[in-house]
Amino acid sequence: MLQAPPAEPGMREEEVDTPALLLDLDAFEANLDTMAARLAATSAKLRAHAKTHKSPVIARLQMGRGAVGQCVQKVAEAEALAWGGIPDILVSNEVVAPRKLARLAALNGIAAVRVCADDPGGVAAVEAAAEAAGRRLEVLVEIDVGAGRCGVPPGPEAVALAERIAASPHLIFGGLQAYHGSAQHRRTPEERRAAIAGAGEAVRRTLEQLRQRGLPCPIVGGAGTGTYELELESGLWTEIQAGSYVFMDADYARNGSPPAFQHSLFVLAGVMSAPRDGAAVVDAGHKAMPTDSGMPLVWDRPGLRYERPSDEHGTIVVEGGARPRLGEKLRLVPGHCDPTVDRYDWYVGVRRGRVECLWPVAARGGMS
């Protein structure tokens, strides 16, 4: 059930009901502009990943700054974006269930929709859905460039799959999906560089073999916030699929080099108890933000540390400075921005201490 907004435009930040998903608009817009400026100097384009923000509003702001489209991981996310007016969407994931593929093929009537495949059976499933809908669907071959998750091995197997797609009257070979997800959070620049060097070699080898078979490769997609500069350096990737750059999170803050982007996403939490010296309790626990990537950071309050979350509570340990007051509001930087966003119905956009806008998290809970 869609929850009532926790704030109204014009309200002061300290009046917002907690816990709430807070978006610092100045930092957010700076992140959008930083990425747009970085890519404007290259031949690569941004296809921003909407699994992070789940919002047609944010997608339109990205596309207004030069993004060619959006990525999603689920058909439900593609539906929310297409119905919200986004015209170019890649499901950067495999979809094999007939009902989901029928929904995806239907979307192709209102937006350019692409999907990935890494298996002949998957290609056959997409082909059947396209034929039933009377449409042609564009399919990218996903290759495993080191993450060990989805993806056909680069080289001959990937080329054979591309040929299978290109031979179908119901499909279009769209290119390669080459995303090294686990490289994004390797802690040192050297580790990230080594991982993307290996990914680049896999892409280069596959592109050459596609060329030898006379198959053009319009798109090489991949790259994330933690490594996109390295993919750009290689000159191999044509589309950058960064998502977290718009928000950043505590796990990216723990990477070994300072990011070019600012923290713009916060969970606003209220102090609900202060029963003893050296600690306070806030109303934001596991249900307010995940801890799969570590504890959140207490923003702009040196000496305060968040720990011991339970369902509805989190403990603020006071290691220096004053203990937070009962009723005080604290900004918390979540450990992992994507699943944090998925816990909320609304973004509360604030600028210099005042609520400016409320945006629905339109694709929240879109798991199908």
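The values are calculated or read from the model by the stated rules, or taken from the named source; none is laboratory data. A quick note: this is a predicted structure, and the numbers were derived from the prediction, not measured. Cβ coordinates were reconstructed from backbone atoms using ideal geometry, including for glycine residues, and neighbour counts include every protein chain displayed.
Determine, yes or no, whether G66 is farther than 30 Å from M272 by Cβ, out of contact with any Ser or Thr (no Cβ under 9 Å at 6 or more places or on another chain), in a loop (DSSP other than H, G, I, E, B) and not hydrophobic (A, V, I, L, M, F, W, C).
The answer is yes for G66.
Exactly one residue out of R343, R354 is of a type in the set (K, R), outside the structural domain of A59 (by TED's automatic domain parsing) and over 22 Å from the mean Cα position of the chain (by Cα): that is R354. Candidates are the residues of the range 274-318 that are of a type in the set (D, E) and over 18 Å from R254 (Cβ atoms); the one that is surrounded by the most Cβ atoms within 10 Å (Cβ to Cβ) is D283. Among the residues of the range 89-106, those identified as part of a helix (DSSP H, G or I) and buried (at least 21 other Cβ atoms within 10 Å of the Cβ) are L101, L104, A105.
Among residues of the range 304-328 that are at positive phi, those with a beta-carbon under 6 Å from a residue that is assigned to a strand (DSSP E or B) at least six positions away or on a different chain give the pairs R308/T315. Name the one entry in E231, E201 that is of a type in the set (D, E, K, R), within 19 Å of G151 (Cβ to Cβ), crowded, with 16+ Cβ neighbours inside 10 Å and in the same structural domain as V139 (by TED's automatic domain parsing). On inspection, the qualifying residue turns out to be E231. Considering only the range 322-343, I want to know if a residue exists there that is surrounded by fewer than 16 Cβ atoms within 10 Å (Cβ to Cβ), part of a strand (DSSP E or B) and modelled with pLDDT of 95 or more. Within the range 322-343, none of the residues are surrounded by fewer than 16 Cβ atoms within 10 Å (Cβ to Cβ), part of a strand (DSSP E or B) and modelled with pLDDT of 95 or more. Checked against the criterion of being among the small types (G, A, S), surrounded by fewer than 18 Cβ atoms within 10 Å (Cβ to Cβ) and modelled with pLDDT of 95 or more, the candidates A37, A59, A111, A20 yield just one match: A37. Quick check: anything in the range 10-33 farther than 22 Å from M289 by Cα, in contact with a helix residue (DSSP H, G or I) (Cβ under 7 Å, 6 or more places away or on another chain) and either outside any helix (DSSP H, G or I) or without any contact (Cβ under 8 Å) to a residue 60 or more places away in the chain (or both)? Taking every residue of the range 10-33 in turn, none turns out to be farther than 22 Å from M289 by Cα, in contact with a helix residue (DSSP H, G or I) (Cβ under 7 Å, 6 or more places away or on another chain) and either outside any helix (DSSP H, G or I) or without any contact (Cβ under 8 Å) to a residue 60 or more places away in the chain (or both).
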